[in-house]
Amino acid sequence: MMMMKAIELTSFKNEGKSSRIVETTKPSIENAPNSVLVKVIYSALDTALDELTNKTMLGSYLHDLKATPLIPGNHFSGVIEATGSNVASTLPSEHSFQVGDLVFGHLQYEPTVRQGSCSEYLVVPTTDLAKLPPNSKHVSLELAAASTTEGMTAMQALRDVGQLQANRDSVLIIGGGGGVGSMAVGIAKQLQALKVTAVCSTKDVDKVKGYGADEVMDRTKSKIEKWQPAEKFNLIFDSSGRYGFLSLKHLLQPGGRVVSTQVHMDTLLFGNWLYPVLFSGKTAKVVLCRSKKEDLEILVTWLESRAVSVSIDSIYNVSNFEKARERQNDPQKEGRVVIKVDSGWH
């Protein structure tokens, strides 16, 4: 039986040290014919970490909390060490995966997931990851690992859930200074939104303008609930997940859509049937991102052309996981906390 190193979450409710390095069984490709074995080079932390550590109800929807060991991490970049028996035969040659390919993606946020990317190896379906461009000038392995959840969330929220119409829709992005929101600004421009307006705090105004926003509203100077812009919006993406539909509907044009990263009870109950009747066709939905090969391929082209950017706050060896976790929860953090897995255990 082959073994590997991994981070195990060991205590809950944030009592004392929350993790340790363990030896656990290396995943096998033998029973995964449509998957690849990835040697993880970098991982990255996100908000799911606390949900796993504290074993919350939300955490149970993101990962199998009964997995032993309970390994954190969804984001990954790495190199393919082996391919499943069907991989070469089921994909056209130009899209096939081979041993030695550099890849990136993230493990799906699902209750059946038992792996974690703070480990030496992962087995990943070929539908859930993409190759990095060879000799890339602008997409490093660190950047690739940092980009996936934010990129997929922003792209799928705007394009799929929000159904952004190119050259027609005016878009408002709430939380433009955050990880998802900052990528959403650039992605909205790539999707050819008619106009992109972003909301952020004072310290992020210039940064968000640099991402490509046509206009920026400083939320410290005007409350969103009382804001009356000169022009209303076709699509609002609340990347912060802070606001419910009823707080935002006055900003929408008839038939406008609100998409949030957080599930609000009123959205579940009324978002698609009652609200459109009561409020001139306006709707409310939630985005649940998935790692998709075809979307990752689009994202990496945008990253390579610098049309979309990702901020990295810091990089820690996986052996310093506790310090990385502290930085992840630091209010002063700006960008993704990245974990160096390969050669990072000492």
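The values are calculated or read from the model by the stated rules, or taken from the named source; none is laboratory data. If you're wondering where the values come from, they're calculated on a predicted model, not measured in any experiment. Note that we place each Cβ from the backbone using ideal geometry, even for glycine, and neighbour counts take in every protein chain shown. Just so you know, the surface numbers come from the protein's heavy atoms only, side chains and all, with ligands and any DNA or RNA stripped out. Shrake-Rupley method; radii C 1.70, N 1.55, O 1.52, S 1.80 Å.
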Looking at (1) hydroxyl-bearing (Ser, Thr, Tyr); (2) more than 20 Å from the chain's Cα centre (by Cα); (3) more than 20 Å from Arg290 (Cα to Cα), which one does Ser35 not meet, given that it meets all the others? (3)
Would you be able to tell me the number of residues in region 268-316 that are open to solvent by less than 50 Å² (accessible area, probe 1.4 Å), out of contact with any Pro (no Cβ under 6 Å at 6 or more places or on another chain), polar (S, T, N, Q) and without any contact (Cβ under 8 Å) to a residue 40 or more places away in the chain? 1
Would region 144-160 turn up any residue that is in contact (Cβ under 8 Å) with a residue 12 or more places away in the chain, assigned to a helix (DSSP H, G or I), aliphatic (A, V, I, L, M) and open to solvent by 20 Å² or more (accessible area, probe 1.4 Å)? no
Are any residues in region 223-246 among the small types (Gly, Ala, Ser) and either open to solvent by less than 40 Å² (accessible area, probe 1.4 Å) or in contact with a Ser or Thr (Cβ under 7 Å, 6 or more places away or on another chain) (or both), and if so, which ones? Ser239, Gly241, Gly244
Residue, farthest from Met265 (Cα to Cα), within region 209-233, restricted to residues that are modelled with pLDDT under 95 and among the β-branched types (Val, Ile, Thr): Thr220
Failed item in (1) open to solvent by 40 Å² or more (accessible area, probe 1.4 Å); (2) modelled with pLDDT of 95 or more, with Met265 passing the rest: (2)
When Ile236 is run through (1) out of contact with any helix residue (DSSP H, G or I) (no Cβ under 9 Å at 6 or more places or on another chain); (2) among the β-branched types (Val, Ile, Thr); (3) at pLDDT 95 or above, the failure sits at (1)
By residue number, the members of region 170-201 that are over 17 Å from Leu303 (Cβ atoms) and not in a loop (DSSP other than H, G, I, E, B) are Ser170, Val171, Leu172, Ile173, Ile174, Lys195, Val196, Thr197, Ala198, Val199, Cys200
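Of all residues being part of a loop (DSSP other than H, G, I, E, B) and over 30 Å from Val171 (Cβ atoms) in region 118-143, which is least open to solvent (accessible area, probe 1.4 Å)? Just the residue, please.
The residue in question is Cys118.
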Restricting to region 193-222, name every residue that is under 23 Å from Cys289 (Cα atoms) and either of a type in the set (Ser, Thr, Tyr) or open to solvent by 40 Å² or more (accessible area, probe 1.4 Å) (or both). Thr197, Tyr211
